[in-house]
Amino acid sequence: MEILLKDLKPEFNIIDIRDKKNYELDHVYNSVNIPMNELLNNHSFYLNKNYVYYIYCTSGIRSKKTCNILSILGYKVINVKDGFGK
């Protein structure tokens with residue numbers, strides 16, 4: 001499942017998987033920064049299988065890969081199509 005950046009709402013659980021430096025330069029309002037490898041290696045610490053998470057990166061490629069993996073692990077995740085860069 002995918003969503004466009006413009007369709008994100010502040011009440012969503014939004015995760016920015018870019019590195020900290022890019023997150024600090026600019027990010028989606030109300031998002032949290034958990035770099036991709038940190039999220040994948042510690043998913044049970046950061047995520048709850050009862051919630052839906054919207055995940056974005058710069059272009060949408062890494063977030064799509066991350067969503068695919070997390071979905072296999074049983075998490076409800078939605079990729080932000082085309083990422084933050086557009």
*Restricting attention to the range 73-82, does a residue exist that is surrounded by fewer than 15 Cβ atoms within 10 Å (Cβ to Cβ) and not in a strand (DSSP E or B)?*
yes
*Just one of K86, K65, K21, K49 is open to solvent by 40 Å² or more (accessible area, probe 1.4 Å), modelled with pLDDT under 95 and either part of a helix (DSSP H, G or I) or not small (G, A, S) (or both); which is it?*
K86
*Where a residue in the range 64-86 is in contact (Cβ under 8 Å) with a residue 40 or more places away in the chain and its partner, wherever it lies, is basic (K, R) and open to solvent by 70 Å² or more (accessible area, probe 1.4 Å), with Cβ under 7 Å and at least six apart*: N79/K64
_Condition (residue is open to solvent by 60 Å² or more (accessible area, probe 1.4 Å) and touching a residue at least 60 places away in the same chain (Cβ under 8 Å)) applied to the range 3-18: is it met by at least one residue?_
yes
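The values are calculated or read from the model by the stated rules, or taken from the named source; none is laboratory data. Predicted model, so just to flag it, every value in this text is computed and none were measured. Glycine gets a Cβ as well: all are built from the backbone with ideal geometry, and neighbour counts include every protein chain shown. Ligands, DNA and RNA are stripped out before the accessible areas are found, and what is left, the full protein with its side chains, is counted by its heavy atoms. Shrake-Rupley method; radii C 1.70, N 1.55, O 1.52, S 1.80 Å.
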